Amino acid sequence: MSSLTEDKKLFVIKMFKQHVQKKPSIIYILLFFVPIGYIVHFLSSNATLIFTTNFLAILPSAKLFKFANKKLSHYVSHSRYITHLHNRNNEVINSLIKILGGLLSVVFNNFVELVITITALVNGQIHIVQTAVLGSILFHILLVLGLCFLVGGTKVLRTIEGKKNKLNEIEFDSTAAQSNSSVLTVACISLILPASFSLFVNQSNISTDKSDIILSISYGTSIVLLVICVLYLYFKVL
């Protein structure tokens, strides 16, 4: 059993070396800040220094998580038991396997946000959780989308200047855009409902505990969002 574990460790190290050699990146130099971040956390009281070192350590860690997520999804979908189920040609089982891969992708691609929010919730830092979630949403809606338009437009300009026989327009999947916009609308509504109800409760004279009511609404919206996430993943694999 121990030899099998050692073989798996050597296999993981070998895959990481191949990944670094195929796609070398200067960002891996920042891995030295991972132990430095731990040392600074325990030996220094300077909040700025602690934040800076750990922020630099997060950058290569996020890239490694992306690599590990890709390999983990491939390992799960190609394991012996999953392959045996997949070969039975059962549509339900095949859909569940794809949903499992999608859930792994969602969890590990947002692992940094999960760690920050869970740690902040345990310490009672609600405002940090709110700002982290809002910042992540704005980052993906504005910055990522804007960069996609910018890079796509740059490629179109290069195609026009080179006079290649290609379409000089950026194409996108209208079905995926409609589904993503619908999910985004539901997510916005779920965030607006507790906030608007909180404003209404604060301006009215309700004798019951206001925090319990708002917390119950937040629990309900979180369950609805979780169900929508699973249904959205099922829709994507169809």
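The values are calculated or read from the model by the stated rules, or taken from the named source; none is laboratory data. Source: prediction; values computed, not measured. Here the Cβ positions follow ideal geometry from the backbone for every residue, glycine too, while neighbour counts run over all protein chains shown.
Does Thr131 count as farther than 29 Å from Asn54 by Cβ, of a type in the set (S, T, N, Q) and either assigned to a helix (DSSP H, G or I) or at pLDDT below 80 (or both)? I'd like the intermediate steps shown before the answer.
Values: farther than 29 Å from Asn54 by Cβ: no; of a type in the set (S, T, N, Q): yes; either assigned to a helix (DSSP H, G or I) or at pLDDT below 80 (or both): yes.
Criteria not met by Thr131.
Condition (residue is at pLDDT 80 or above and in contact with a Leu (Cβ under 7 Å, 6 or more places away or on another chain)) applied to the range 170-186: is it met by at least one residue? No, there is no match, as no residue in the range 170-186 is at pLDDT 80 or above and in contact with a Leu (Cβ under 7 Å, 6 or more places away or on another chain). So is Asn165 modelled with pLDDT under 75 and surrounded by fewer than 10 Cβ atoms within 10 Å (Cβ to Cβ) or not? Spelling it out, Asn165 is indeed modelled with pLDDT under 75 and surrounded by fewer than 10 Cβ atoms within 10 Å (Cβ to Cβ).
Before we move on, is Gly152 part of a helix (DSSP H, G or I), closer than 22 Å to Leu56 by Cβ and modelled with pLDDT of 75 or more?
On the way: part of a helix (DSSP H, G or I): yes; closer than 22 Å to Leu56 by Cβ: no; modelled with pLDDT of 75 or more: yes.
The answer is no for Gly152.
For the structure I just gave you, tell me whether Ile99 is within 30 Å of Val34 (Cα to Cα) and either at pLDDT 75 or above or out of contact with any Asp or Glu (no Cβ under 6 Å at 6 or more places or on another chain) (or both).
Numbers: within 30 Å of Val34 (Cα to Cα): no; either at pLDDT 75 or above or out of contact with any Asp or Glu (no Cβ under 6 Å at 6 or more places or on another chain) (or both): yes.
In short, no.
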